[in-house]
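One structure is given here, and the rest of the page talks about it.
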Amino acid sequence: MTSYGQFCSMARAHEALGGRWTLLVVREILCGSSRFNEIRRGIPRISKTMLAERLQALVLAGALARRDGAQGPEYALTEAGLELAELVRAMGAWGQRWLPRHAVGEDLDLEPVLVDMQRRVRFEALPEAPLVVRFEIAGHGPRFLLLRPGEASLCTQNPGFPEALCVRGPLSALVAWWRGDVGFAESRRFGLSLAGPRPLAAAFPDWFQLYAFAGIRPARAVERTSP
């Protein structure tokens, strides 16, 4: 790769970190992923080859440390890598505040939404008995989120617990709620539905901490979005 040829530390950092996908890899590790497949689950469009290259580049830059774990290689942020959290947060906040949000017109994947929901469960708010939330999102196969005290697991098949709730509707409506564009009640107007016992359905939105930047409002009132 041709160097920018600049003394500036910002330019030098961009040479090391500015490649496509790189900061998304950092984001996933900041969110708790440590193994190759875990990281890729949150970035489903990255190829295995590209992810391997980005991980290696971050190791060479000193932002990641690689070690051999019981189930294969594991990655952890170094002191230098942890300092990137401020950059990731700043970019996330900027995008939430300044970029238009119209989920219905965006090219979106289901997997990153469900992965984020899985890792932002409020366990103290869950019922005591284990349960499964079934997701029937238009254009996608069914997915299952097992919830029980201390565990949230995302599965392609029901792991054997009662399906207490079923979330149905377009992905755009689910994204609009999760991202904080609209409230859960408002998302129903755009096609999101929740089937199941009324007490559980009423409690469902409180089982999660919304997307980390959901509380950041658009910079201009005119950019108030619809799914």
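The values are calculated or read from the model by the stated rules, or taken from the named source; none is laboratory data. Treat the numbers as computed from the prediction; the structure is a model and nothing was measured. Here the Cβ is made from the backbone with ideal geometry for all residues, glycine too, and neighbour counts use every protein chain on show.
Sort out which residues of the range 10-29 are assigned to a helix (DSSP H, G or I) and farther than 18 Å from residue 44 by Cβ, and write them in order of number.
10, 11, 12, 13, 14, 15, 16, 17
Testing residue 70 on (1) at pLDDT below 95; (2) more than 24 Å from residue 25 (Cβ to Cβ), one condition comes back false. Which one is that?
Every listed condition holds for residue 70 apart from (2).
Filter the range 30-68 down to the residues that are in a helix (DSSP H, G or I) and of a type in the set (D, E, K, R), then identify the one that is farthest from residue 114 (Cα to Cα).
Filtering the range 30-68 for residues that are in a helix (DSSP H, G or I) and of a type in the set (D, E, K, R), the one farthest from residue 114 (Cα to Cα) comes out as 53.
Just to be sure before I move on: is residue 172 touching a residue at least 40 places away in the same chain (Cβ under 8 Å), assigned to a helix (DSSP H, G or I) and farther than 20 Å from residue 121 by Cα in the structure I sent?
Yes, satisfied.
If residue 71 passes every condition in (1) within 19 Å of the chain's Cα centre (by Cα); (2) exposed (fewer than 14 other Cβ atoms within 10 Å of the Cβ); (3) touching a residue at least 12 places away in the same chain (Cβ under 8 Å) but one, which one does it miss?
All conditions are met except number (1).
Is one or more of the residues making up the range 69-81 aliphatic (A, V, I, L, M), more than 28 Å from residue 19 (Cα to Cα) and assigned by TED's automatic domain parsing to the domain that holds residue 182?
no
Which one is farthest from residue 111 (Cα to Cα) among residues in the range 1-41 that are buried (at least 17 other Cβ atoms within 10 Å of the Cβ) and charged (D, E, K, R)?
So the residue we want is 27.
Identify, please: which residue in the range 9-27 is within 15 Å of the chain's Cα centre (by Cα) and without any contact (Cβ under 8 Å) to a residue 60 or more places away in the chain and is, among those, nearest to residue 64 (Cα to Cα)?
Only one residue fits best here, namely 25.
Give all pairs with beta carbons closer than 6 Å in which a residue from the range 33-48 that is closer than 18 Å to residue 77 by Cα meets a residue that is among the aromatic types (Phe, Trp, Tyr); count only pairs at least 6 apart in sequence or on separate chains.
Taking only residues 6 or more apart or on different chains, the pairs are 34/75.
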